[in-house]
Amino acid sequence: MAVTKSELGTTILRVFLGLTFLVHGFVKFQGGISNTVGFFESLGLPGFAAYIVATIELVGGAAMLLGIGTRMVAILFALILAVATIKVKLSAGFLGNGQMAGYELDLALITISIYLALKGKSFLALDNAIFRSKKD
């Protein structure tokens with residue numbers, strides 16, 4: 001079976017998104033989740049949400065890399081990014097304000113997440129073996 005350019009492109013996006021979130025989740029735990037808890041609380045968010053977000057990023061990133069639950073994980077990523085953009089990055093502007101990065105990368109990652117949520121399965125994804133269907 002030949003792999004189409006579209007399938008290859010979707011796979012590249014899935015792997016990139018999974019790796020990005022896996023690293024972000026890992027860093028939140030590695031750097032001491034208490035720092036992230038404090039940051040969330042400083043934004044007016046409940047501290048326990050830091051554990052939820054970090055776990056989704058870490059476990060979801062690994063799942064995205066493997067192509068497991070791609071649609072659901074992509075939706076969770078888009079939600080996390082939307083909240084982060086609104087609560088943290090929006091005031092810095094699209095390109096940032098010299099003190100903080102802007103939200104351009106967040107929008108790109110949201111766009112990739114939405115694409116993967118709509119597309120679903122991709123080449124070399126375990127979803128293909130788990131959820132075999134005649135159409136996507």
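Set Lys and Arg Cβ to +1 and Asp and Glu Cβ to -1, take the dipole of the chain about its Cα centre, and tell me which of Ala92, Ile130, Tyr103 lies farthest positive. Checking the options against the dipole of the chain, the answer is Ile130. Counted as membrane-span-like here are DSSP H helices of the chain whose alpha-carbon atoms extend 15 Å or more along the helix's own axis and whose Kyte-Doolittle mean is 0.0 or above; these are 5-30, 48-66, 70-84, 104-119. Taking 0.36 nm per residue of separation and subtracting the current Cα-Cα distance, fully stretching the chain between Ile12 and Val27 would add 3.1 nm.
Comparing Ser113, Ser34, Ser42 in a Gaussian network model of the chain, where Cα atoms under 10 Å apart are tied by springs, the biggest mean-square fluctuation is seen for Ser42. Distance from the Cα centroid of the stretch 57-108 to that of the stretch 1-35 is 11 Å (rounded to whole angstrom). GNM remark for the chain: springs join alpha carbons under 10 Å apart, and the peak mean-square fluctuation among Leu126, Leu45, Leu17 falls on Leu45.
Sequence-distant contacts, meaning Cα pairs under 8 Å at least 6 residues apart, place the relative contact order of the stretch 44-129 at 34 percent.
Over the chain, DSSP H runs of length four or greater, each weighted -39,500 (n - 2.57), average out per residue to a 222 nm ellipticity of -22000 deg cm²/dmol.
Around the amide H of Phe123, modelled in the peptide plane, lie the amide H atoms of Thr11, all under 5 Å away and 5 or more residues distant in sequence or on another chain.
Beyond 19 Å, the tail of the calculated P(r) for the chain holds 53 percent of the Cα pairs. Between beta-carbons, use under 15 Å as the cut-off and find the net charge around Ile114, counting Lys and Arg +1, Asp and Glu -1. So the surrounding residues net to +2. Here's how it looks for Gly69: its modeled amide H is under 5 Å from those of Asp127, which are all 5 or more places away or on a different chain.
Values in this text are rule-based calculations from the coordinates and carry no lab data. Small disclaimer: the values here were computed from a predicted structure and weren't measured. A quick note on method: Cβ atoms are made from the backbone with ideal geometry, for glycine too, and the neighbour counts reach across all protein chains shown.
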